[in-house]
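Student: The structure is given below, and queries will be raised subsequently.
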Amino acid sequence: MAELLQIIISGLAAGSIYALAAVGFTLLWQASQTINFAQGEFVMLPAFFVLVGLGFGLPLWAAILLGLGASLLILGVAFKKLIVEPMLPHGTLPLVIATIALGLLMKESVKELYGATAQPFPAIFPQTVYNVFGASVSVQDICNLVVSMLAIGGLQLFLSRTRTGRCMQASAQNPAVAEILGVDVKRMVMYTFLINAALATIASVLISPIYLAKFSNGETLGLVAFIAAIVGGFNQIRGALVGGLLIGVIDNLSAVYISAEYRSAMPMILLIAIILLRPQGLLGTKEGRTV
Amino acid sequence: MNAHTPSDRAPILAVHNISKQFGGIRAVNNVSFEVRKGEILGLIGPNGSGKSTLFNCILGQLKPTTGHCEINGKSTDGVRPADLSLMGVGRTFQQLSVFPKMTVLDNVILAGQEHEGTMLSRLFGKPDAGLTGKAEQLIEFFRLTPYRDTEAGSLSYGQQKLVDAAMAFMAGPGIVLLDEPAGGVNLTMLANLKERLQTYNREHGTTFVVIEHNMEFVMSLCTRIIVLAQGEIIAEGSPEEIRSNQMVIDAYLGG
Amino acid sequence: MKPLTLILLGLALVALILAPIGQGNYIVYTLSSWLLFSISAMGLNLTLGYAGQVSLAQAGFMGIGAYITALMTLAGIHWVVAAGVSISSCFAVGLLLGWPALRVQHHFLAFVTLAFNTLLFLVLRNEEEVTGGSFGLVGMPRPDFFGLSTMSNLNFYYFSLVCFLIAVAVMWGILRSPWGRAFKALRENPIRAESLGLKIRRQTLLAFAIGSAFGGLAGAMQAPLVQFIEPGSFGLIHSLKILLMVVVGGSGFFFGPMLGAAVVILLPELLRFTEGYYLMIYAALVIVLMVFSPNGLIGAGQKIWLKFKPKHEARRDMQKGFQL
């Protein structure tokens with residue numbers, strides 16, 4: 001029982017970080033029909049911006065701010081302006097391929113420019129472990145969970161309660177109508193890209209102390225983010241959140257109870273099961289079918 | 001080819017009490033009518049009269065709030081476009097709908113090939129699915145023979161409309177639904193199109209349902225006309241009867 | 001076909017026959033490798049370029065083909081039988097994977113194939129008793145045909161060339177069939193195509209399955225060519241590589257995959273001086289290509305060609321005049 005509790009808590013902590021990536025992924029899809037195959041690398045990269053900042057002798061908080069700024073600029077503005085925007089008129093396919101290539105570019109750049117070995121990343125939260133009902137629960141896990149939840153909850157509030165947030169939702173749902181109503185759709189889409197970059201930075205800073213910063217971190221992270229988004233329901237923030245948490249827990253459970261060898265197979269099996277049984281996702285609503 | 005006399009058979013299209021509501025707006029209100037084999041039925045009405053909504057309900061694209069449509073006794077409710085075609089329903093679209101980079105011949109063959117054989121026979125069979133002869137006949141019928149090997153996209157607008165019509169007939173449908181066939185076509189081409197449609201109707205007994213804005217075109221093409229206004233049928237009858245119907249005149253003149 | 005096209009194709013064939021003569025082993029080997037990747041990319045082109053779906057499991061299908069062929073030929077069964085089994089297995093797996101994925105919109109096939117390729121990698125690595133685990137399988141024999149051995153690299157090249165030509169002929173036949181016409185129509189105007197009775201989902205599914213079967217053939221050739229297979233050769237990164245071949249060459253063009261495979265196989269040689277930066281440069285080039293010419297190199301070539309052919313524009317103006 002205690003072991004199970006422990007597994008579930010650390011699963012939720014990891015899952016909440018996946019959820020950050022999955023939410024960003026979903027937002028991008030909603031706002032601009034961009035399926036970002038580089039989302040995993042988007043989470044991998046900010047940690048290295050922070051490391052570069054630390055290398056200049058900055059304190060951790062300043063390095064993180066620097067990382068956030070660089071991410072907003074590169075993963076937000078530059079990604080939107082240089083890659084997504086010129087390609088949108090060509091349909092989704094070239095963009096899918098460009099983001100695949102972008103992921104590769106980011107991965108290789110980090111490998112060549114910073115190094116192929118895993119880099120230790122300073123912990124933001126204490127790594128003390130407490131004993132709760134016989135289960136060891138780390139403060140870091142709890143903090144990660146809380147920070148991610150606050151970020152996603154805050155985002156949800158922003159989208160539903162503020163004028164800008166509602167304009168963003170309107171732009172995502174029906175850009176033509178939003179435009180007529182006087183919403184600056186282009187700007188709203190840009191906000192979405194910035195939010196995605198910010199979420200990726202948070203995820204990066206939270207996950208890197210655990211897994212170390214490595215150029216190849218994005219491979220699994222990206223896959224997990226896609227799967228979380230699809231499992232939860234492709235078109236909803238809540239869905240991505242639930243999907244992320246679920247995968248975090250399942251991943252941890254299967255590592256212990258099924259087999260370490262096939263641990264990474266579980267999310268895939270979950271994905272295939274969802275697509276077979278409930279293609280709109282757990283919380284998703286049915287959209288039209290095209291193919 | 002023998003001529004068919006209309007109205008001596010079961011209805012090919014039956015519309016039963018169709019209503020369609022969008023939120024609080026009732027776009028179509030309890031409309032019923034039947035179309036018999038060989039008829040050319042015109043469906044007209046001012047903008048916003050609900051004729052497009054009705055058309056989409058007939059095609060199974062929109063689910064009516066109440067009521068249903070039957071073509072040859074089969075409900076069209078929720079039928080996918082491909083299956084509707086395989087049920088023997090041809091259609092044209094309001095906007096131009098040819099395949100611009102394929103030749104006229106390929107356009108017309110394509111329109112028939114899915115009705116022949118199976119997926120496998122289409123994969124391993126003859127490149128033209130044995131349809132070249134039939135396609136050439138239709139191309140000849142619409143006087144497009146000189147353009148047989150021309151890319152459809154490089155023809156004039158009116159000629160493309162003719163290709164579109166030829167495609168609608170290629171699979172030998174019992175009924176063809178034409179959505180604004182006269183839109184954007186010049187007068188000479190229009191007369192040509194009308195004459196060809198009438199000849200085809202006479203020779204093959206194919207039923208037409210035509211949605212149209214162009215009053216002259218409808219009046220001279222159709223054998224019967226239904227007028228919709230604000231989602232309801234306000235008049236029905238021969239072109240002459242419609243022409244002199246006071247309610248129709250009022251509806252169009254904003255009465 | 002126009003006589004000019006025929007002459008060009010004849011010249012290409014002669015070039016393919018003469019290419020390896022007098023070359024060193026490494027070049028002949030690389031040429032064989034190019035032929036088999038062309039086959040694989042041709043299959044993916046059917047899925048991507050004609051059916052508009054992204055498959056990220058083409059290397060996985062090559063893996064299925066390679067492992068089946070390796071196991072069967074190591075057990076003494078002739079390559080032709082093994083290749084047949086490989087091709088049909090890939091076709092069947094393609095149907096099974098594509099059927100659920102194509103029920104829903106968006107690029108779900110991309111995700112399902114991504115997951116599949118990753119799963120397959122795990123199975124190949126973990127089921128050591130059958131697959132040899134991370135050590136893989138070694139010593140697959142190169143096939144004999146009517147007493148002719150393909151042991152030498154030159155002979156194996158000609159064997160690959162025959163397979164390649166058969167694959168090209170099959171693909172050509174498929175694209176010329178009514179089924180291929182349906183694809184052209186689907187690309188140009190899906191709504192109209194559907195209204196004429198075309199069942200898009202079934203059509204797309206079959207394209208994916210056939211495309212996967214081409215991957216199976218390529219895998220069946222890879223086993224005897226390399227004579228050593230391990231899970232790492234069929235990972236996701238290799239699927240991406242094949243995808244890039246199709247896209248770089250020009251998806252939806254018949255000769256796009258061959259060109260793309262040549263570029264992707266040759267580019268590392270050309271960019272050798274860049275050392276580790278090779279993949280970076282490569283990825284950047286793909287992004288630039290996608291931004292400026294989503295139809296790949298052939299698409300870019302066509303664009304340039306059309307620019308130098310002002311006749312076309314003039315005619316379009318005249319047509320507008322007619323309409324007015």
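The values are calculated or read from the model by the stated rules, or taken from the named source; none is laboratory data. Given the structure is predicted, the values throughout are model-derived calculations rather than measurements. We place every Cβ from the backbone using ideal geometry, glycine too, and count neighbours over all the protein chains shown.
Student: Pick from the range C:139-150 the residues that are among the hydrophobic types (A, V, I, L, M, F, W, C) and over 25 Å from the mean Cα position of the chain (by Cα): which of them is farthest from C:VAL28 (Cα to Cα)? Give the steps one after another, and end with the answer.
Tutor: From the range C:139-150, those among the hydrophobic types (A, V, I, L, M, F, W, C) are C:140, C:145-146, C:148; that's our starting set.
Filter again for over 25 Å from the mean Cα position of the chain (by Cα), leaving C:145-146, C:148.
Details: C:PHE145: 20, C:PHE146: 23, C:LEU148: 18 Å.
The residue in question is C:PHE146.
Student: Are any residues in the range B:78-96 surrounded by 20 or more Cβ atoms within 10 Å (Cβ to Cβ), under 19 Å from B:THR206 (Cβ atoms) and facing chain C (nearest Cβ under 7 Å), and if so, which ones?
Tutor: B:SER85, B:ARG91
Student: Would you check if A:VAL224 is more than 13 Å from every other protein chain (Cβ to nearest Cβ) and either under 27 Å from A:LEU73 (Cα atoms) or part of a helix (DSSP H, G or I) (or both)? Give the steps one after another, and end with the answer.
Tutor: Numbers: more than 13 Å from every other protein chain (Cβ to nearest Cβ): no; either under 27 Å from A:LEU73 (Cα atoms) or part of a helix (DSSP H, G or I) (or both): yes.
No, not satisfied.
Student: While we're here: Does any residue of the range C:118-128 turn out to be out of contact with any Cys (no Cβ under 6 Å at 6 or more places or on another chain), over 18 Å from A:THR220 (Cα atoms), in a loop (DSSP other than H, G, I, E, B) and modelled with pLDDT of 85 or more? Give the steps one after another, and end with the answer.
Tutor: Quick first cut of the range C:118-128, residues out of contact with any Cys (no Cβ under 6 Å at 6 or more places or on another chain) only: C:118-128.
Next, from what is left, pick out any that are over 18 Å from A:THR220 (Cα atoms): C:124, C:126-128.
Restricting the remaining residues to those that are in a loop (DSSP other than H, G, I, E, B) gives C:127.
Among the residues that remain, those that are also modelled with pLDDT of 85 or more are: C:127.
Yes - at least one qualifying residue is present in the range C:118-128.
Student: Restricting to the range A:86-110, count the residues that are buried (at least 22 other Cβ atoms within 10 Å of the Cβ) and hydroxyl-bearing (Ser, Thr, Tyr).
Tutor: The number of residues fulfilling the criteria is 1.
Results for (1) outside any helix (DSSP H, G or I); (2) buried (at least 24 other Cβ atoms within 10 Å of the Cβ), shown as yes or no for each residue.
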position	(1), (2)
C:ALA15	no, no
C:PRO20	yes, no
C:VAL28	no, no
C:MET62	no, yes
C:ILE68	no, no
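Student: Given A:LEU4, A:LEU28, A:LEU58, which one is surrounded by fewer than 18 Cβ atoms within 10 Å (Cβ to Cβ), in a helix (DSSP H, G or I) and of a type outside the set (Lys, Arg)?
Tutor: Just one listed residue meets the conditions, A:LEU4.
Student: Now a separate question. From B:ASP128, B:ASP149, grab the single residue that is assigned to a loop (DSSP other than H, G, I, E, B) and within 8 Å of another protein chain (Cβ to nearest Cβ). Let's see the steps before the verdict.
Tutor: Working: B:ASP149 fails: within 8 Å of another protein chain (Cβ to nearest Cβ).
The unique qualifying residue is B:ASP128.
Student: All but one of (1) more than 14 Å from chain C (Cβ to nearest Cβ); (2) buried (at least 16 other Cβ atoms within 10 Å of the Cβ); (3) closer than 30 Å to B:ARG224 by Cα hold for B:GLU136, so report the exception by its number.
Tutor: It fails just one condition, (3).
Student: Then there's this: Against the condition out of contact with any Phe, Trp or Tyr (no Cβ under 6 Å at 6 or more places or on another chain) and either closer than 20 Å to A:ILE7 by Cβ or within 9 Å of chain C (Cβ to nearest Cβ) (or both), how does A:ALA265 come out, does it pass?
Tutor: On the way: out of contact with any Phe, Trp or Tyr (no Cβ under 6 Å at 6 or more places or on another chain): yes; either closer than 20 Å to A:ILE7 by Cβ or within 9 Å of chain C (Cβ to nearest Cβ) (or both): yes.
Judged against the criteria, A:ALA265 is a match.
Residues checked against (1) under 19 Å from the mean Cα position of the chain (by Cα); (2) hydrophobic (A, V, I, L, M, F, W, C); (3) not in a helix (DSSP H, G or I):
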site	(1), (2), (3)
C:VAL263	yes, yes, no
C:PHE273	no, yes, no
C:PRO294	yes, no, yes
C:LEU306	no, yes, no
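Student: Shifting gears a bit: Determine the pairs where a residue that is more than 9 Å from B:GLY231 (Cβ to Cβ), located within the range B:48-64, has a partner that is basic (Lys, Arg) and surrounded by fewer than 19 Cβ atoms within 10 Å (Cβ to Cβ) with Cβ atoms under 9 Å apart, the partner being 6 or more residues away or on another chain.
Tutor: Pairs that qualify, where the first residue is more than 9 Å from B:GLY231 (Cβ to Cβ) and the partner is basic (Lys, Arg) and surrounded by fewer than 19 Cβ atoms within 10 Å (Cβ to Cβ), are B:CYS57/B:LYS63; B:GLY60/B:ARG80.
Student: Is it fair to say B:PRO100 is more than 12 Å from every other protein chain (Cβ to nearest Cβ) and either in a loop (DSSP other than H, G, I, E, B) or touching a residue at least 12 places away in the same chain (Cβ under 8 Å) (or both)? Step through it out loud before you land on a result.
Tutor: Numbers: more than 12 Å from every other protein chain (Cβ to nearest Cβ): no; either in a loop (DSSP other than H, G, I, E, B) or touching a residue at least 12 places away in the same chain (Cβ under 8 Å) (or both): yes.
Here the answer is no, as B:PRO100 does not meet what is asked.
Student: Given the residues B:LEU178, B:LEU228, B:LEU193, which is the only one that is more than 14 Å from chain C (Cβ to nearest Cβ), buried (at least 23 other Cβ atoms within 10 Å of the Cβ) and either assigned to a helix (DSSP H, G or I) or in contact with a Ser or Thr (Cβ under 6 Å, 6 or more places away or on another chain) (or both)?
Tutor: Values: B:LEU178 fails: more than 14 Å from chain C (Cβ to nearest Cβ); B:LEU193 fails: buried (at least 23 other Cβ atoms within 10 Å of the Cβ).
Unique residue meeting the criteria: B:LEU228.
Student: Still on this structure, please answer the following. Within the range C:183-199, which residues are part of a helix (DSSP H, G or I) and within 7 Å of chain B (Cβ to nearest Cβ)?
Tutor: Our first condition is that a residue be part of a helix (DSSP H, G or I); within the range C:183-199, this holds for C:183-188, C:190-195.
The answer is C:LYS184, C:ALA185, C:GLU188, C:ARG192, C:GLU194, C:SER195.
Student: Which members of the range B:112-123 meet the condition of being more than 7 Å from chain C (Cβ to nearest Cβ) and part of a helix (DSSP H, G or I)?
Tutor: Of all residues in the range B:112-123, those more than 7 Å from chain C (Cβ to nearest Cβ) come to B:112, B:116-118, B:120-121.
Within the range B:112-123, B:GLY112, B:LEU120, B:SER121 qualify.
Student: Does the range C:252-263 contain any residue that is crowded, with 17+ Cβ neighbours inside 10 Å, within 13 Å of chain A (Cβ to nearest Cβ) and among the aromatic types (Phe, Trp, Tyr)?
Tutor: For the range C:252-263, residues crowded, with 17+ Cβ neighbours inside 10 Å, within 13 Å of chain A (Cβ to nearest Cβ) and among the aromatic types (Phe, Trp, Tyr): absent.
Student: Next up: Filter the range C:172-181 for residues that are facing chain B (nearest Cβ under 7 Å) and under 15 Å from C:THR47 (Cβ atoms); which is farthest from the chain's Cα centre (by Cα)? Spell out how you get there, then give the answer.
Tutor: So in the range C:172-181, the residues facing chain B (nearest Cβ under 7 Å) come out as C:174, C:176-179, C:181.
Now drop any that are not under 15 Å from C:THR47 (Cβ atoms), which leaves C:174, C:179.
On the way: C:ILE174: 15, C:TRP179: 19 Å.
By that ranking, first place goes to C:TRP179.
Student: Going residue by residue through the range B:210-219, is there one that turns out to be in contact (Cβ under 8 Å) with a residue 40 or more places away in the chain, part of a strand (DSSP E or B), surrounded by 15 or more Cβ atoms within 10 Å (Cβ to Cβ) and in contact with a Phe, Trp or Tyr (Cβ under 6 Å, 6 or more places away or on another chain)?
Tutor: yes
Student: For the range C:142-182, what are the residues that are in contact with an Asp or Glu (Cβ under 8 Å, 6 or more places away or on another chain) and closer than 23 Å to C:ALA82 by Cβ?
Tutor: Residues of the range C:142-182 that are in contact with an Asp or Glu (Cβ under 8 Å, 6 or more places away or on another chain), as a first pass: C:150, C:178, C:181-182.
Residue satisfying the conditions is C:THR150 alone.
Student: Could you list, in sequence order, the residues of the range C:70-107 that are in a loop (DSSP other than H, G, I, E, B) and either farther than 23 Å from C:THR204 by Cβ or at pLDDT 95 or above (or both)? Spell out the reasoning first.
Tutor: Taking the range C:70-107 as the starting set, the residues that turn out to be in a loop (DSSP other than H, G, I, E, B) are C:75-78, C:102-107.
Within the range C:70-107, C:ALA75, C:GLY76, C:ILE77, C:HIS78 meet the criteria.
Student: With respect to C:ALA110, is the statement that it is in a helix (DSSP H, G or I) and within 14 Å of chain A (Cβ to nearest Cβ) true?
Tutor: Numbers: in a helix (DSSP H, G or I): yes; within 14 Å of chain A (Cβ to nearest Cβ): yes.
Taking the combined requirement at face value, the residue satisfies it.
Student: Which ranges mark the helices (runs of 4 or more DSSP H) fully within the range A:111-182 that have 1 or more residues being among the small types (Gly, Ala, Ser), exposed (fewer than 14 other Cβ atoms within 10 Å of the Cβ) and without any contact (Cβ under 8 Å) to a residue 12 or more places away in the chain?
Tutor: Answer list for the range A:111-182: A:139-161, A:175-180.
Student: Could you check the range A:50-87 and list, in sequence order, the residues that are touching a Ser or Thr at 6+ places or on another chain (Cβ under 7 Å) and within 14 Å of another protein chain (Cβ to nearest Cβ)? Don't jump to the end; show me each part of the working.
Tutor: Of the range A:50-87, the ones touching a Ser or Thr at 6+ places or on another chain (Cβ under 7 Å) are A:67-68, A:71, A:84.
Residue satisfying the conditions is A:VAL84 alone.
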